[in-house]
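**Q** Attaching a single structure in structure tokens format; questions to follow.
The values are calculated or read from the model by the stated rules, or taken from the named source; none is laboratory data. Not measured: the values here are computed from a predicted model. Every residue, glycine as well, gets a Cβ built from its backbone with ideal geometry; the counts of neighbours run over all protein chains shown. Heavy atoms of the whole protein, side chains included, go into the accessibility calculation; ligands, DNA and RNA do not. Shrake-Rupley method; radii C 1.70, N 1.55, O 1.52, S 1.80 Å.
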Amino acid sequence: MHCTNCAAEVPEQRKFCGRCGAAAVRRCPACGVTNPALNKFCGDCGTKFLLNFSAVAPTARDARPIERRQLTVLFCDLVGSTALSAGLDPEDFSAIIAGYRRCITETVAGFDGFVARHHGDGAVVYFGYPHAHEDDAERAVHASLALVQAVAALPAKEKLSARVGVATGVALVGDMSDSAISEEHGILGDTPNLAARLQSLAQPGGVIISGRTKTIAGPQFEYLDLGKVEISGFVKPVAAWQVAGKTTVTSRSHALQSSDLLPLIGRDEEMELILSRWKRAKSGEGQVVLLSGEAGIGKSRLTVALLEQLAREPHIRLRCFCSPQHTDSMLYPVIGEMLRAARFAHDDSQQVKMDKLDALLAQSATPPQDAALFAEMLSLPNDGRYPPVEVEPQLRRQKTLKALGWQIEALARINPVLVIFEDAHWADPTSLELFARTVDLAVSHRLLILVTFRPEFSPPVIGRPHVTELTLHRLAPRDIDFLIERVVGNRSLPAGIRQDIIARTDGIPLFAEEMTKAVLDAEDESDAFAGAPAPLVAVPASLQASLMSRLDRLGPAKDVAQVGAAIGRTFPHMLLAALVRKPKEELDSDLDRLIAAGLLFRHGTPPHASYLFKHALVQDIAYSTLLREPRRVLHARIAETLESQFAEIAESQPELLARHYTKADLIEKSARLWGKAGQRSQERSALVEAAEQLSQALAQIATLPSTSDLRREQIILHVALLNTLMHVKGYGAPETKAGR
């Protein structure tokens, strides 16, 4: 017998997967026949099987780690149980309670609810745990309506009735056996309390839900607005809604998920404009295009489409990727592009790297003095093949910037050059200065610079004649509809579901793509559309819920995504392998699943591969599920592993180590590394970065117990910061005066 979610083998006597908590059998809702063979329909009566969560719940041996996650909590109470118990023999009342509990468990099982606990005549049910669905709030409301009807239909001398409260929110959930609440599947947060309070407001047979649950569940139900109600324990009144009934019956369809890159949709005008600027650039009239838009709007997809369009044209392309983990690492995106262009491998010796750099620079006839600056920029030792760099730091920095500018000019004489500067809102100051210089160069060279950034960033070159500003707006409904069609492929998707996705994604293509894939994933599991009409199905209003459900379906691969997210937007295979400590075959399988699900891109071949999260929001969501303490421990392990096994990275990027040690709350180590990074940036005349790094170091030292060594270090860094501020801000600047 195998798990219906992650395919892990489950012993015959158990009905829950020890790996992911999902049910491993199906039970016929009509005749009660249990089907361990996982057929879709009952062999006795032909009724479709439902997932059964009623038999053996996961035990402490199957414990799941505590996570932060959004979930919907259903709280059910049997009305009048006290009076009922007073008028019945204890054995008769016990039989009623047993039947009532069985009714709850079997009813919510049909909606993949998880009965966390029974307490007297009450029950707490989770939707969104152990694994999430993109429509957990809707499932909870459907289950609530079914539950009050099922309880009312229970055989009893006196008619029974239940009342239900439902609330949605972020909570801590998981195995809390060792915590203060001592529960295997406990939950902490306001959400369960709110659900319980709302239940107490309901009439017998009534269902009351929170405002957030109503917003996510959407138009699938009829509601009565109860207004803002005062609830004990909550500071502000809470919006409450009574569920009056259903408006439609939901269903799911079978679909095949494709991880293929979707075609560019709805951006014909934008592409035409960029290509017109490229045409000008090829004639020697250099151009700059500033491409802005919110996260998920399709900036990166448009750049990929441009590269595809120009693939058969002779040109040189340079792609510089900025990173939120490297906002104060001097020339980080430029260094990354040069490393890729030179085809450095992880196991290359310094000699081999120097030879590869030579070969790269020979293509543009780079002068030896510039090659020496580039070798230093890449943290390569000068083995005598280049003249020594014997200039003061400030002049060295200027010479490096000039050499990089000359390099672009030289390339433009060979072929037209396309420079893509992605995510400029995360660029370090020196890279921004180089970008501004390159914009000046573009005027008279065969050069097109395409810069992508989020709206909060303000480029320093706006308003020049050869600079074009281009903002990506949300797609029209017809374009989102076409995008959904391409995701669905040759599968069917009812019109009601398609229209709901279009309405809820609000024109953001990434939202539409990911939410459609999540719907197809869920449909593939439930097969709920087979032979059924196509009523409207609610799709989650939030991308977080959509991606959380896809992560949960990956089983143990989700843990790999979390570790990768803590490392950064991009991460190397060898560092990941050192951290997750899994057998090679298992790690490779997990990574393959993440790539197949469209969450990661892979460059290269393991063990020398590197990975990139498809979108920054994907990384954010995977990272957000980690609790503070596991997150702190993980960052400490990352920093320690970098120091012990990746000495070259640790030495060349002390600011990267400092960030991880800061997040690990290892302040003494992080302060030392921030100081080292600041002094190195100062030596390289990256003064803006140096000021930030030195300030970080001093701020952290101030929180530590004072010692003679720390005071000495503090004085050294303080003097270094003061000297840096005098050059960056000037002698009369408030920051400089404050540091004197």
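**Q** Please calculate how many Å² of accessible area the stretch 626-691 carries per residue, with a 1.4 Å probe and no DNA, RNA or ligand atoms counted.
**A** 43 Å²
**Q** Under 19 Å Cα-Cα from Lys279, which aspartates and glutamates qualify once same-chain neighbours fewer than 8 residues away are excluded?
**A** Within reach: Asp268, Glu269, Glu270, Glu308, Glu313, Glu409, Asp440, Glu469.
**Q** Once you list every other residue whose beta carbon is under 10 Å from the beta carbon of Leu627, what net charge do they have if Lys and Arg are +1 and Asp and Glu are -1?
**A** Within the 10 Å Cβ shell, the charges total +2.
**Q** Could you tally the net charge around Leu78, taking each other residue with its Cβ under 14 Å from the Cβ of Leu78, Lys/Arg +1 and Asp/Glu -1?
**A** +1
**Q** Rounded to the nearest 20 Debye, what is the dipole magnitude of the stretch 90-162 about its Cα centre when Lys and Arg each give +1 and Asp and Glu each give -1 at the C-beta?
**A** In total the dipole reaches around 220 debye.
**Q** Within the set Lys558/Lys584; Lys299/Lys614; Lys558/Lys614; Lys517/Lys614; Lys517/Lys584, which residue pairs have Cα atoms separated by over 18 Å?
**A** Flagged as over cut-off: Lys517/Lys584.
**Q** Suppose the chain between Asn490 and Gln369 were pulled fully straight at 0.36 nm per residue; how much longer would it get relative to their current alpha carbon spacing?
**A** Difference between extended and current length: 37.7 nm.
**Q** Report, ordered by chain and residue number, the lysines lying within cross-link reach of Lys729, taken as a straight Cα distance under 24 Å and ignoring same-chain residues fewer than 8 apart.
**A** Lys399, Lys402, Lys676, Lys737
**Q** Between Lys582 and Glu392, with labels modelled 7 Å along Cα→Cβ, what's the label distance in nm to one decimal, could you check?
**A** 5.4 nm
**Q** If you roll a 1.4 Å probe over the heavy atoms of the protein chains, what accessible area per residue do you get for the stretch 310-362, in Å²?
**A** 49 Å²
**Q** Determine the share of the stretch 278-334's accessible area contributed by carbon and sulfur atoms, expressed in whole percent, with a 1.4 angstrom probe.
**A** Numbers: 1100 of 2190 Å².
On the stretch 278-334, the fraction of accessible area on carbon and sulfur atoms equals 50 percent.
**Q** For Pro705, what charge total do you get from the other residues with a beta carbon under 13 Å from its beta carbon, if Lys and Arg give +1 and Asp and Glu give -1?
**A** Within the 13 Å Cβ shell, the charges total -1.
**Q** Then there is this: Could you work out how far apart the two model spin labels at Glu222 and Arg102 are, taking each label as a point 7 Å from the Cα in the direction of the beta carbon, and quote it in nm?
**A** 3.4 nm
**Q** If you don't mind, another one. Obtain the nm distance between the two label points defined at Glu651 and Trp406 by a simple spin-label model: each point lies 7 Å from its Cα along the Cα-to-C-beta direction.
**A** 2.8 nm
**Q** Quick one: grab the alpha carbon gyration tensor of the stretch 306-443, order the square roots of its eigenvalues as a ≥ b ≥ c, and give me rounded if a/c is under 1.5, else prolate or oblate depending on whether a/b is larger than b/c.
**A** Numbers: a/c = 1.39, a/b = 1.21, b/c = 1.14.
Note, shape of the stretch 306-443 comes out rounded.
**Q** Please give me, ordered by residue number, the trypsin sites (Lys or Arg not before Pro) of the stretch 323-393 that lie in loop per DSSP and have at most 14 other Cβ atoms within 10 Å. Walk me through the numbers on the way to the answer.
**A** Numbers: sites: Arg340, Arg343, Lys353, Lys356, Arg385; in loops: Arg343, Arg385.
Filter output for the stretch 323-393: Arg343, Arg385.
**Q** Straight-line reach from Lys214: which aspartates and glutamates have a Cα under 15 Å away, not including same-chain ones fewer than 8 places off?
**A** Glu134, Asp135, Asp136, Glu138, Glu222, Asp225
**Q** Where the accessible area of the stretch 426-517 is counted over protein heavy atoms with a 1.4 Å probe, how much of it, in %, is carbon and sulfur?
**A** The nonpolar share, carbon plus sulfur, comes to 52 percent.
**Q** Between Ser94 and Ala476, what FRET efficiency comes out of the Förster formula 1/(1 + (r/R0)^6) with R0 = 45 Å and r the beta carbon distance, rounded to 0.05? Mind dumping the intermediate values first?
**A** Details: r = 61 Å, r/R0 = 1.36.
It comes out at approximately 0.15.
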